[in-house]
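Notes follow once the structure below has been shown.
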Amino acid sequence: MKRFLMLAAALAALGPAAALAQAQARPTAVVAAAPRPAPLTGEARAQAIAAANRALNAQAAVQGRFRQVAPDGSVASGVFYLQRPGRLRFEYDPPASLLIVADGSVVAVNDRALRTTNRSPLRETPLYFVLKSNLDLNRDARVTAVTRDGPAILIAARDRAGQADGVLTLRFVGPGMTLQGWDVVDASGATTRVVLTEQRAAARFEQRLFQVPRDQLPRSGRP
């Protein structure tokens with residue numbers, strides 16, 4: 001999990017930081033409290049989980065952009081490529097020097113500036129539940145909460161087997177339950193948010209995008 005925190009700190013998204021900054025810039029304004037997400041129970045909860053399973057398992061190859069807010073409040077963005085099962089690539093916009101690749105079994109965090117690559121088993125990271133083949137959240141994870149937050153459905157889960165620490169909250173939007181992103185809360189309570197934008201389907205990606213060579217990760221063109 002310690003290595004995954006490097007991944008979490010490198011992935012997150014547009015979130016409360018921007019709203020907070022705007023509120024602080026206008027101290028005389030009255031800022032209404034955001035409504036709390038409404039818990040789903042019974043049949044509504046079961047239907048939401050089933051719809052999330054169908055949406056994730058139907059997802060094949062997708063590319064787009066991501067935006068992050070790390071636990072320290074820092075913001076980064078870049079492009080992503082996701083190919084289920086097991087493959088993901090996050091390329092950070094300059095000045096960030098990070099590149100993250102999941103090749104089906106390993107998640108590698110490469111820092112081009114430091115010329116270092118740290119690797120963790122995919123199974124030991126919450127990304128396993130984003131990329132797993134034939135995912136069943138009720139079977140593979142322990143769902144701790146299902147809520148509606150405006151137009152979004154949020155599903156929070158822990159690893160049932162205990163191999164991946166932390167709580168993963170998946171965010172789905174729209175009638176087709178499009179995966180919009182996820183939050184990861186680690187054991188210390190620090191939260192990293194990832195938001196996926198400008199998503200579009202692809203037939204298939206070149207497999208070099210998901211390869212992790214010994215010393216240097218491959219570059220790719222931007223979508």
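Please treat every number below as a calculation from the coordinates, not as lab data. Every value quoted in this text rests on a predicted model; they were computed, and no experiment measured them. Cβ sites come from the backbone with ideal geometry, for glycine too, and all protein chains shown count toward neighbours.
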Order by neighbour count: 128, 92, fewest other Cβ atoms within 10 Å first, most last. 92, 128
Return the FRET efficiency for the residue pair residue 208, residue 148: r is the Cβ-Cβ distance, R0 is 45 Å, and the value is rounded to the nearest 0.05. 0.65
At 7 Å along Cα-to-Cβ for each site, give me the label-to-label distance between residue 190 and residue 163 in nm. 2.5 nm
Once phi for every residue in segment 163-179 is put through the Karplus expression 6.51 cos²θ - 1.76 cosθ + 1.60 (θ = phi - 60°), the whole-Hz ³J(HN,Hα) values, with Gly and Pro written as x, are 7, 10, 7, x, 10, 9, 10, 8, 10, 10, 9, x, x, x, 6, 5, 5
I need the phi-derived Karplus couplings for segment 105-119: 6.51 cos²θ - 1.76 cosθ + 1.60, θ = phi - 60°, integer Hz, Gly and Pro marked x. 9, 10, 9, 10, 10, 9, 10, 5, 5, 8, 6, 10, 9, 10, 10
Would you mind ranking 91, 43, 206 so that the residue whose beta carbon has the fewest other beta carbons within 10 Å leads the list? 43, 206, 91
